[in-house]
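Each remark here refers to the structure printed beneath this line.
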Amino acid sequence: MVIRSKELCRRVLENQHKLIQFLQMRLCSNQKIQELAKYEEDDFPRTISSSIKYAVQPQPNQIQHQQDVGQQFKYSDISVRLAGPHQLQPKPDVDDLAFGKYFTDHMLKIQYHRRLGGWLKPEITPFENLVLHPAAKVFHYAVELFEGIKAYRGVDGRIRVFRPEMNMARMNLTAYRSGLPTFDAEEMVKSMARLISIDSEWVPHTESASLYIRPTLIGIEPTLGVASSESALMYTILSPVGPYFKPGHKGGLTLYADPKYVRAWPGGCGDRKMGSNYAPTIHVQKEAQAHGCHQVLWLYGEDHQLTEVGVMNIFMVYVNEDGVKELITPPLNGLILPGITRDSIIQLAKELGDVRVREDVITMPMVKKLLQKGRLLELFGSGTAAVISPIERIHYLGEQLHIPTLEQEDSLSKYLLKTLTDIQYGKLDHPWAYVID
Ligand SMILES: Cc1ncc(COP(=O)(O)O)c(C=O)c1O
C-alpha cells in the first residue's frame, strides 16, 4: 500500500505539466465562451432591421446612443461668426484643384465635454488653426475618425449633397467603436448644410469638380491614459476638389495585389472609418507605385479574397455558370467599409433588373479562372472620390492579369457612373440628393 501511494505520487509529479495544460485549456475555453458572449451583447449599435453581425449597412435614424452621452446639440442653437474681408481666401482656378489642397473660408465646430453635460452649441467660425493640449488623446492613441461627402453644383445652379445622412450614420458607428460620443445625425446634417450655404460660392460651377466635405471627430482630453476621451471636438472643413482623374487620363486602374499585406481582419475596425486604418496603408501604397501600379488591391485570407481597392469598395461583373450576367461585391463581413457608393450601386443595379446582384466573397483564383474562360467582364472600384473607377490590370504574384473592363460595349460600370453623376449634378431627380437652398 505504501509502495502504491509512492508510485501514485511519482506519476502525479511526472505528469503535473499535463494536468496544468488540461486545466488551462478548460479555463481558456470557458474564458473564450464568456468573451464571445460579452461580444455578442456589446454588438452595438445594431440596426433595427438586422441582427446579423457585421452584415449591417449604416442606416439613418437607427442610431442608439450611449446611455451616458449626455445632452445632444441642436442646429437651432448654432452661432455664426463670419470671416472678415481680410480673412477671405482667393478661389483657386478649377484646373489647379488637387485633392484637399485648398480650404474654404469657414468651418463648423462642436465641442463635447462630459463634465459640462455633453455636447455644446454648434458654431461656425472663420477657418482657423486648432489649439490643442500636447497630451490630447488624438495625438497619442489616434482617437480620431472622419467622413468624406461631396456637394455638387447642379445643372440648375442648386447645390446637392449626396446621401449625407448615410455618412452621419456611419460616423456614429465609428464614434461608438472609438469610445467617442455619438451625436444626433440629423442636427449635424443641418449644421453642415448651413456651413455649405455660407461658403456656397466655393462649390465649383462646373461638372468636372465638386466640394469635398470632411467632418472629423477627435478625442481632445488632455490625459495620457488609454481610455475613452471625456472631451471631444467635432469639426467640419470644406475643400473644392477637381476630377479624381486628370483630364486626358486614359485607361483604367492598375492594381498591386500582395497577400503579405492585410488591411483588415475579423473583429478589427476595417469596417469603421477611423484614421488609424489609413496610416498603415501609406507604405503599401508606395510599394504599389514602385511596381508601376496606381493602387493596392487588398487581399485577405489563404484563399486571397479581394476586399478593397485602395480606399474604394470593389465590384465584379461576370457571366455565371448558368450564362447569366451577375454583379458581385464582397459582403459586409467586417473586412470592408460599408461604402455609401457601394450601397447606391447595389440598389441601382437591383432596380435595373437585367443583372443579378450578389454580395459574396470574390477570390483571386476565381478571378484567374473567370479570365481564362473569358467570363470576367468588368472589375471596378467605388467610392465618393471617383464614384466608379474601372480596373484594367492586376499585378498578382509576379503575373500581370489584364482585365477587360474598358473593352465592354454594354458596360454596366459606365451605366452606373452616368446614373450616379446624373443624380449628383441634378440631371435626374432623386431622393438621394439633399438640396441646399
Ligand atoms: C477604405 C474605404 N473603402 C471604401 C470607401 C468608399 O466609401 P464611400 O462610397 O462611402 O465613399 C472609402 C471611402 O470613404 C474608404 O475609405
Counting only residues 5 or more apart in sequence or on a different chain, those whose built amide H sits under 5 Å from that of residue 127 are 106, 107
Using θ = phi - 60° and the Karplus relation 6.51 cos²θ - 1.76 cosθ + 1.60, list the HN-Hα couplings for the range 415-428 in order, rounded to whole Hz, with x at every Gly or Pro. 4, 5, 4, 5, 4, 5, 6, 4, 5, 5, 9, x, 7, 10
Which parts of the range 267-308 would a label at residue 214 reach, counting a residue when its backbone N lies under 13 Å from a point 7 Å out along Cα-to-Cβ? 275
List the equivalent ellipsoid semi-axes of the chain in whole Å, largest first, each obtained as the square root of 5λ for an eigenvalue λ of the Cα gyration tensor. 42, 33, 20
In this model, which of 150/427; 91/418; 91/427 are farther than 18 Å apart at the alpha-carbon? 91/418; 91/427
Using the count of nearby Cβ atoms within 10 Å as a rough guide to exposure, how do 300, 396 rank from fewest to most? 396, 300
Descending principal axes extents, the range 75-243, alpha-carbon based, whole Å: 49, 34, 30
Candidate aspartates and glutamates for bridging to residue 368, where Cα separation is under 16 Å - those fewer than 8 sequence places away on the same chain excluded: 258, 302, 303, 321, 378, 392, 399
Could you let me know the centre-to-centre spacing of the range 269-286 and the range 204-250, using Cα atoms, in angstrom? 15
With DSSP loop assignment and no more than 16 other C-beta atoms within 10 Å, the trypsin sites (Lys or Arg not before Pro) in the range 240-283 are 250, 260
Counting other C-beta atoms within 10 Å, which of 435, 138 has the fewest, and how do the rest follow? 435, 138
Taking 8 Å as the Cα distance limit and 6 or more residues as the minimum spacing, I'd like the relative contact order of the chain as a percentage. 16
Rg from C-alpha atoms of the range 314-361, normalised by the globular rule of thumb 2.2 N^0.38 Å, equals 1.14
Multiplying the sequence separation of residue 190 and residue 115 by 0.36 nm and subtracting their Cα-Cα distance, what value in nm do you get? 24.4 nm
Treating the range 203-264 as a set of equal point scatterers at the Cα positions, no solvent, please give the Debye-formula log₁₀ I(q)/I(0) at q = 0.15, 0.17 Å⁻¹. -0.84, -0.87
When 1/r is averaged over all different Cα pairs and the result inverted, which Kirkwood radius in Å belongs to the range 253-425? 16.3
Give me the number: length gained by fully extending residue 410 to residue 282, i.e. 0.36 nm times residue separation minus the C-alpha to C-alpha distance, one decimal in nm. 42.5 nm
In nanometres, the difference between 0.36 nm per residue of separation and the alpha-carbon distance of residue 428 and residue 197 is 81.0 nm
Amide H proximity to residue 296 below 5 Å, modelled H, separation 5+ or other chain, gives 256, 310
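Throughout, read-outs are computed from the coordinates displayed, never taken from laboratory work. Treat the numbers as computed from the prediction; the structure is a model and nothing was measured. As a convention, Cβ positions derive from the backbone with ideal geometry for all residues, glycine included, and neighbour counts pool all protein chains shown.
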